[in-house]
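The values are calculated or read from the model by the stated rules, or taken from the named source; none is laboratory data. Model, not experiment: these values are computed from the prediction. Cβ sites come from the backbone with ideal geometry, for glycine too, and all protein chains shown count toward neighbours.
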């Protein structure tokens, strides 16, 4: 991977993306989940939930994959403004920012009530902090 990154280090983003995509394909990976053109496609596909999941991120969760300020492992360019524009590029310029406070209130925030709910959090899953990580004794 280092060789791939070094080979395109001084190229434009538009030149880099096809190289990264090809690398991901060869490594049995897929960067399509972040591809605006793929996510714009409204055709129903029983094997893909990327558009639906992205809608929830863009309208409800707002849990954007931003870099950590102390120990960044992502580009500083991936800030809130980037992700809000990403949502607009996919769903249209009229989409409102995520209504995080509303949905936290609706679902109970950290005091979720309900039964038969399973939260699956992998140790390196960046989404683990958007779900329940510990049970509250209520």
For this session: Under 6 Å between Cβ atoms, at least 6 apart or on separate chains: pull out the pairs that start in segment 1-23 with a residue that is more than 17 Å from residue 75 (Cα to Cα) and end on any residue that is modelled with pLDDT of 85 or more.
Result: 19/8
Problem set entry | Number of the condition not met by residue 133 [criteria: (1) touching a residue at least 12 places away in the same chain (Cβ under 8 Å); (2) surrounded by 14 or more Cβ atoms within 10 Å (Cβ to Cβ)] | (2)
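Are any residues in segment 82-100 exposed (fewer than 12 other Cβ atoms within 10 Å of the Cβ) and within 19 Å of the chain's Cα centre (by Cα), and if so, which ones? I'd like the intermediate steps shown before the answer.
At the first step, the residues of segment 82-100 found to be exposed (fewer than 12 other Cβ atoms within 10 Å of the Cβ) are 92-94, 96.
Scanning segment 82-100 gives 92, 93, 96.
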For this session: Mind listing whichever residues of segment 41-82 are in contact (Cβ under 8 Å) with a residue 24 or more places away in the chain and outside any helix (DSSP H, G or I)?
Result: 62, 63, 65
Exercise. Residues 109, 105: which one is in a loop (DSSP other than H, G, I, E, B) and either in contact (Cβ under 8 Å) with a residue 40 or more places away in the chain or surrounded by 10 or more Cβ atoms within 10 Å (Cβ to Cβ) (or both)?
Worked result: 109
Exercise. Mind checking which residues of segment 36-51 are touching a helix residue (DSSP H, G or I) at 6+ places or on another chain (Cβ under 8 Å) and farther than 15 Å from residue 92 by Cα?
Worked result: 50
For this session: Could you check, for segment 117-125, whether at least one of its residues is touching a helix residue (DSSP H, G or I) at 6+ places or on another chain (Cβ under 9 Å), modelled with pLDDT of 90 or more and surrounded by fewer than 12 Cβ atoms within 10 Å (Cβ to Cβ)?
Result: no
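Please count how many residues of segment 126-138 are part of a loop (DSSP other than H, G, I, E, B) and at pLDDT 75 or above. Write out each step before concluding.
Start the filter on segment 126-138 by keeping residues that are part of a loop (DSSP other than H, G, I, E, B), which leaves 131-138.
With the extra rule that they be at pLDDT 75 or above, the set shrinks to none.
The qualifying residues number 0.
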Problem set entry | Verdict on residue 10 being modelled with pLDDT of 85 or more, in contact with a helix residue (DSSP H, G or I) (Cβ under 8 Å, 6 or more places away or on another chain) and part of a loop (DSSP other than H, G, I, E, B) | no
Seminar exercise, completed: For residue 96, the lone unmet condition from (1) out of contact with any helix residue (DSSP H, G or I) (no Cβ under 7 Å at 6 or more places or on another chain); (2) within 18 Å of residue 127 (Cα to Cα); (3) outside any helix (DSSP H, G or I) is (2)
Exercise. How many residues are under 21 Å from the mean Cα position of the chain (by Cα), modelled with pLDDT under 85 and assigned to a helix (DSSP H, G or I) when one looks only at segment 19-36?
Worked result: 9
